[in-house]
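Accompanying notes for the structure given below.
The values are calculated or read from the model by the stated rules, or taken from the named source; none is laboratory data. Remember, it's a predicted structure, so these values are computed and weren't measured experimentally. A quick note on method: Cβ atoms are made from the backbone with ideal geometry, for glycine too, and the neighbour counts reach across all protein chains shown.
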Amino acid sequence: MWHGDVAAYPTMGGYARIASILKSVRAECGGSALALDNGDTFHGTYPAVSSKGEALIPLVNALGFDAMTAHWEFAWGPPHFRALSAKLNHPMLAINCYDKESGELYFPASVVLERGGLRVGIIGVAATIIDKSMPPHFSEGVRFTSGCEELPGEISRLRNEGTDLIVVLSHLGFPQDVHVAHAVDGIDVIVSGHTHNRLEHPAHIGNTLIIQSGCHGSFVGRLDLSIADGKVADWQHRLIPVDESIAGDVEMSALVEGVMKPHREMLNEFVGQTAVGLHRDTNLYAPMDDLLLAAIATAGDTDIAFSNGWRYGAPIPPGSITMNDLWNIIPTNPPVSTVDLTGTEIREMMEENLERTFSANPFGQMGGYLKRFRGLTIYGKLENPPGQRIEHIFRRGVPVLAGETYKAAFVTAQGVPKKFGRKRRDLPVRAIQALRDYLKENEAGTNDGLGRFVAG
């Protein structure tokens, strides 16, 4: 959280607190409350990764959601995710995910629920980037569309069947959902995800309200609607902080302890110190990735390193760093790799990533934040056309030359796409071990070798 130009690190989130909030709202609203989950749920922490999401099923079921859509849930492949979804007490919805072989929807498109005397149609739209920028095994056997072509027909069908309210549960991202609201008629509410915007005030596009409630379970978004003559006549919205003022639900606390107890000793292990708060809340660079890049560059014995512009990873306040923090930084724990890149390839790779980050077409925005890098200073203009944004690249104050070869370390296939570089090799060390080794000798938050994109 930001207070002016200063970052604050309150302790927020947690299943037990969220359970308390949902119980309170349900008691207040009776049978008129809907609770929706926008995905990125079954990944991102050690218990989730080590169990391939299985450990979280009892917790999620205890929250009593009414529907869900997905993104990182596909990390262990579509068949595993579909089997995982079958254990949920609520439907998984995705109007835009198709089985490649049969052409049929992989999950139901929508569900209609009775709430407050109204028939509410909920349509799910999964992240469209799963088969476009995620590792190939995420989408093996399935394909994804944007959902824009399918939505009008589904909305029409639901309306014709007497549905009073249309809610789109979307993991496309806020810019994409604004486009959907402009392009598709008949949507009353879009519950937006993916880009982790914390919208204090809903976006109001025509007759469509868009809400998005941040990330890491730090806030629960509450939207109260008044319906008259089949339309939203009035609304109130607030973000409920999932903070220390919320007493954790006792039953959920016991479930959480059952999941965490086998791992607590390992996850609580002290591994180092940070002089600064570590987060990923900024687009062009972030201190959490400065630490990760320093670790993989050290492991790769090079001063240049690249990683993804991920949005996930719960912030770490100044002070102690534990193993739990390392698993939050990079829960996939990939191997550290090295590759030789020419100056031309570095420029082309970063131009491609700049377009995937800042494309004028919302559906051209295929990643998270700008690709993270170390050992380089890049000067450019974000408003320039695709392929023309970078003006200069320097390494140690010296221009990076087109035909020169530079050794770089990286993590994940998206860190340096396979079409770039030669002499790729995985090192006998993974990202979390590289972080541990680095923190034995260094405090996080040093300024040496930081990579920066300087927007002119």
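For region 266-297, a residue qualifies if it is of a type in the set (Val, Ile, Thr) and either buried (at least 19 other Cβ atoms within 10 Å of the Cβ) or more than 23 Å from Val416 (Cα to Cα) (or both), and the qualifying residues are Val271, Thr274, Val276, Ile296. Do the conditions hold for Ile129, that is, is it in the same structural domain as Asp37 (by TED's automatic domain parsing), of a type in the set (Val, Ile, Thr), farther than 23 Å from Leu34 by Cα and assigned to a helix (DSSP H, G or I)? It is true that Ile129 is in the same structural domain as Asp37 (by TED's automatic domain parsing), of a type in the set (Val, Ile, Thr), farther than 23 Å from Leu34 by Cα and assigned to a helix (DSSP H, G or I).
Quick check on Leu435: is it more than 21 Å from Leu354 (Cβ to Cβ), in a strand (DSSP E or B) and within 28 Å of the chain's Cα centre (by Cα)?
no
Number of residues in region 433-445 that are surrounded by 19 or more Cβ atoms within 10 Å (Cβ to Cβ) and under 20 Å from Pro317 (Cβ atoms) equals 4.
Only one entry of Leu88, Leu63, Leu105, Leu93 meets the criterion of being at negative phi and crowded, with 21+ Cβ neighbours inside 10 Å, and that entry is Leu93. For Val339, the criteria (1) buried (at least 21 other Cβ atoms within 10 Å of the Cβ); (2) assigned to a loop (DSSP other than H, G, I, E, B) hold in every case but one, which is (2).
Can you say whether Gly121 is under 24 Å from Phe174 (Cβ atoms), touching a helix residue (DSSP H, G or I) at 6+ places or on another chain (Cβ under 9 Å) and either part of a strand (DSSP E or B) or among the hydroxyl-bearing types (Ser, Thr, Tyr) (or both), as far as the supplied structure shows? So Gly121 passes the test. Checked across region 154-161, the condition of being in the same structural domain as His204 (by TED's automatic domain parsing), within 25 Å of Gln212 (Cβ to Cβ) and of a type in the set (Ser, Thr, Tyr) holds for no residue. Contact annotation: residue pairs with Cβ atoms under 9 Å, 6 or more positions apart or on different chains, pairing a residue in region 70-81 that is assigned by TED's automatic domain parsing to the domain that holds His137 with a partner that is polar (S, T, N, Q) and in a helix (DSSP H, G or I), are Ala70/Ser85; Glu73/Ser85; Phe74/Ser139; Gly77/Ser139; Pro78/Ser139.
A single entry from Asp426, Asp448 fulfils the requirement of being loosely packed, with under 13 Cβ neighbours inside 10 Å, touching a Pro at 6+ places or on another chain (Cβ under 6 Å) and outside the structural domain of His182 (by TED's automatic domain parsing): Asp426. Restricted to region 145-158, and to residues there that are out of contact with any helix residue (DSSP H, G or I) (no Cβ under 9 Å at 6 or more places or on another chain) and buried (at least 16 other Cβ atoms within 10 Å of the Cβ), the residue that is nearest to Thr195 (Cα to Cα) is Glu150.
Here's a check for you: in region 114-144, which residue that is among the hydrophobic types (A, V, I, L, M, F, W, C) and under 14 Å from Asp188 (Cβ atoms) is surrounded by the fewest Cβ atoms within 10 Å (Cβ to Cβ)? Before you say what the answer is, go through the steps one by one.
Kept after step one, since they are among the hydrophobic types (A, V, I, L, M, F, W, C), are these residues of region 114-144: 118, 120, 122-123, 125-127, 129-130, 134, 138, 142, 144.
With under 14 Å from Asp188 (Cβ atoms) added as a condition, the list becomes 118, 120, 122-123.
Numbers: Leu118: 15, Val120: 24, Ile122: 26, Ile123: 27.
Looking at the filtered set, the residue picked out is Leu118.
The residue of region 55-84 that is farthest from Asp37 (Cα to Cα), among those that are among the small types (Gly, Ala, Ser) and in contact with a helix residue (DSSP H, G or I) (Cβ under 8 Å, 6 or more places away or on another chain), is Gly77.
Is region 251-267 home to any residue that is farther than 22 Å from Gly44 by Cα and touching a residue at least 24 places away in the same chain (Cβ under 8 Å)? Looking through region 251-267, at least one residue is farther than 22 Å from Gly44 by Cα and touching a residue at least 24 places away in the same chain (Cβ under 8 Å).
Scanning region 298-331 for residues that are acidic (Asp, Glu) and part of a loop (DSSP other than H, G, I, E, B), we see that the one that is surrounded by the fewest Cβ atoms within 10 Å (Cβ to Cβ) is Asp301. Scanning region 43-69 for residues that are closer than 21 Å to Trp327 by Cα and in contact (Cβ under 8 Å) with a residue 40 or more places away in the chain yields a total of 11.
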